[in-house]
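Encoded as structure tokens, the structure appears first; notes follow it.
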Amino acid sequence: MAAMRNVVLAALALLAGCPSSQPVDPGDDADDAVDAGASPDASVPARVCDVREFGAVGDGTAKDTAAIQAAIDACAPTGGVVSLHDGIFLSGMITLASDITLDIAPTAVLRGSQNAADYPDVTPPFENTQLGNCKKALVYAEDADRVRITGGGTIDGNARGVADWNGNRIPEARRPMAIFVTASRDVTLDHLEVNDAATWAVVVMEVERVVIRDLVVDTDLGPTHDGIDVVDGHDVLVEDVTITSGDDSICLKSGSATGTEDVIVRRAHTRQSGVANGIKFGTASVGSFKRILVEDVLVENAQAAAMAVESVDGADIADVTFRRITTWNVGTPFFVLLGNRDRNPGQVGSIEGVTFEHIRGSNMRYAWGSLISGTAIDGQVFGISNIHFKDVDITFKAATTTPFTVDTFPEYQGPVPGRPGVFYNRYPDAKFIAGTDGNENITYAAPGYAIFQRHATGVTFEDCRWRVTGTDPRPWLAVKP
């Protein structure tokens, strides 16, 4: 397996050098727009506020929250650089302001306090379903322009030694994110290591024009520990990131009508996605996901899907491309689902126009195959359309149990007939989709060893090579209207 992994990594390196044709590139505009930390008058050098000059100790024991915040507040009137260097700075929540660069040098660590009382609840000035999960943070910015967090150093959430901050023992809202930026514009997060967040590690929510670049995120602390989450924002570039997470590695979410649009994710390596997905749209899917490009990504070690596209809260998903993606040791390469988890009863969104091209995959964990499906609710079919596969070469895992048929595979729907208050597959990821009462099922086999297409029209396959290990009674493609 090590040899195969090395081959995959080498192939990705070659693919990453290929030129790409991109319909939208917010990165070009973002690079021009984001000059965080610069003085409003470019002819005047930005002020540098060294946190040590404001009383920070940097010994990893004394709490430096007040000193770091004092440095930020001193720089805020004119903008400037808040400098951390040569030390471990223990801190609770700090709040950034417009035109501030938080510069964490390679010699510095901003380490989160392990006392939950050091993280007051934040209350951003908008409505979003995901605010129920996002209440606390180590580094926070709200309604701030031209903010940058950079420097080559480390932000350490310090959650590993706190039992309640590992896994999902307590709700996300009671645990601090490492970075949380909301209701802001022209934000850059770059050249950092982010470790051991107590919940989602890096979160931008309702932010316009974002660049997330050259981050190494390592937050392998079990379920509810996402790597990078983009929630309802426009003009977003995520590139050159490496992520090890306990849950979804790169997750695009929507909890409001703002939607998540004009996004590029490129040159990424998700080394581990724990119990979840490498690249995921959803599960929170209220607003639209449109004009999104994901390219040159290696997805490894994800229990669920390498690429998951889910609309289960009413979102319209359109104009999405996955290009030059390599998968290894994942549950399934693709998972596309339109449904309704009944949080907004009666509202079903749409999925129209998703392309997967130049995809490679091997060493699947399970015999699931890949589900590409709309849904039927109370006899009404809500279909998906125009799903395209081009130049796909994937080896799937053979079934060892009796496969579902096209008629017995369960629908992802609203209330279960005759069982008030109970829903099929409350959580719609690939490992839950064939379970009952919201429980996971990792032993199922879909009707097709590669693709089970259901309630879908305009699905095309061009130059695709589907293989299966061993002997399998299933066809590569099973279709249900």
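Hey, among the residues in segment 106-145 that are in a helix (DSSP H, G or I) and in contact with a Pro (Cβ under 9 Å, 6 or more places away or on another chain), which one's nearest to V162 (Cα to Cα)?
The extreme case among them is A116.
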Can you name every residue in segment 296-313 that is part of a strand (DSSP E or B), under 21 Å from G369 (Cβ atoms) and of a type in the set (A, V, I, L, M)? V299, A302, A304, A305, A306, M307, A308, V309
Residue check for I68: over 30 Å from A315 (Cα atoms) and part of a strand (DSSP E or B): no
Right, D393: over 20 Å from G331 (Cα atoms) and charged (D, E, K, R) or not? no
Can you tell me how many residues in segment 53-82 are in contact with a Ser or Thr (Cβ under 9 Å, 6 or more places away or on another chain) and of a type in the set (S, T, Y)? 2
Return the pairs, sorted by first residue and then second, in which the second residue is assigned to a strand (DSSP E or B) and of a type in the set (K, R), the first residue lies in segment 290-310 and is more than 14 Å from V275 (Cβ to Cβ) and in contact (Cβ under 8 Å) with a residue 12 or more places away in the chain, the beta carbons are less than 6 Å apart, and the residues are 6+ apart or on different chains. E295/R266; E295/R323; E295/R324; D296/R266; D296/R267; D296/R324; E300/R271
Number of the condition not met by N386 [criteria: (1) surrounded by fewer than 24 Cβ atoms within 10 Å (Cβ to Cβ); (2) at pLDDT below 95]: (2)
When both residues are 6+ apart or on different chains and their Cβ atoms are under 8 Å apart, which pairs have a first residue that lies in segment 454-481 and is touching a residue at least 12 places away in the same chain (Cβ under 8 Å) and farther than 11 Å from F396 by Cα, and a second that is among the β-branched types (V, I, T) and assigned to a loop (DSSP other than H, G, I, E, B)? R454/V406; A478/V406; V479/V406; K480/V406
Matching residues in segment 247-264 (part of a strand (DSSP E or B), on the phi < 0 side of the Ramachandran plot and more than 10 Å from the chain's Cα centre (by Cα)) number 5
Return yes or no: is G153 more than 24 Å from E440 (Cβ to Cβ) and surrounded by fewer than 23 Cβ atoms within 10 Å (Cβ to Cβ)? yes
Do you know which residues across segment 95-134 are of a type outside the set (A, V, I, L, M, F, W, C) and either within 19 Å of L189 (Cα to Cα) or buried (at least 21 other Cβ atoms within 10 Å of the Cβ) (or both)? T95, S98, D99, T101, D103, P106, T107, R111, G112, Y119, N128, N133
Is segment 359-369 home to any residue that is touching a residue at least 24 places away in the same chain (Cβ under 8 Å), under 18 Å from K480 (Cα atoms) and either surrounded by 24 or more Cβ atoms within 10 Å (Cβ to Cβ) or touching a Phe, Trp or Tyr at 6+ places or on another chain (Cβ under 8 Å) (or both)? yes
Among the candidates E295, E310, single out the residue that is surrounded by fewer than 24 Cβ atoms within 10 Å (Cβ to Cβ), at negative phi and in contact with a strand residue (DSSP E or B) (Cβ under 9 Å, 6 or more places away or on another chain). E295
Within segment 71-98, restricting attention to residues that are among the polar types (S, T, N, Q) and in a strand (DSSP E or B), which residue is nearest to A198 (Cα to Cα)? S91
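The rows are residues; the columns are (1) under 21 Å from S98 (Cβ atoms); (2) buried (at least 23 other Cβ atoms within 10 Å of the Cβ).
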{"site": "R160", "(1), (2)": "no, no"}
{"site": "V207", "(1), (2)": "yes, yes"}
{"site": "G233", "(1), (2)": "yes, yes"}
{"site": "T242", "(1), (2)": "no, no"}
{"site": "C251", "(1), (2)": "no, yes"}
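Name every residue in segment 314-335 that is of a type in the set (A, V, I, L, M, F, W, C) and in a strand (DSSP E or B), in order of residue number.
Selection gives I317, A318, V320, F322, I325, W328, V330, F334, F335.
Yes or no, residue by residue, for (1) among the β-branched types (V, I, T); (2) modelled with pLDDT under 95; (3) under 15 Å from V299 (Cβ atoms):
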| residue | (1), (2), (3) |
| --- | --- |
| F334 | no, no, yes |
| R341 | no, yes, no |
| P345 | no, yes, no |
| E352 | no, no, no |
| T355 | yes, no, no |
| R365 | no, no, yes |
| S370 | no, no, yes |
| T375 | yes, yes, no |
| F382 | no, yes, no |
Of the residues in segment 65-94, how many are among the hydroxyl-bearing types (S, T, Y) and surrounded by 23 or more Cβ atoms within 10 Å (Cβ to Cβ)? 1
Out of all the residues in segment 364-395, which are of a type outside the set (G, A, S), within 12 Å of E411 (Cα to Cα) and not in a strand (DSSP E or B)? D378
Any residue in segment 458-469 that is at pLDDT 95 or above, loosely packed, with under 15 Cβ neighbours inside 10 Å and closer than 27 Å to R341 by Cα? yes
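The values are calculated or read from the model by the stated rules, or taken from the named source; none is laboratory data. On a predicted model such as this, the values are computed, not experimentally measured, just so you know. Neighbour counts run over all protein chains shown; Cβ positions are idealised from the backbone, glycine included.
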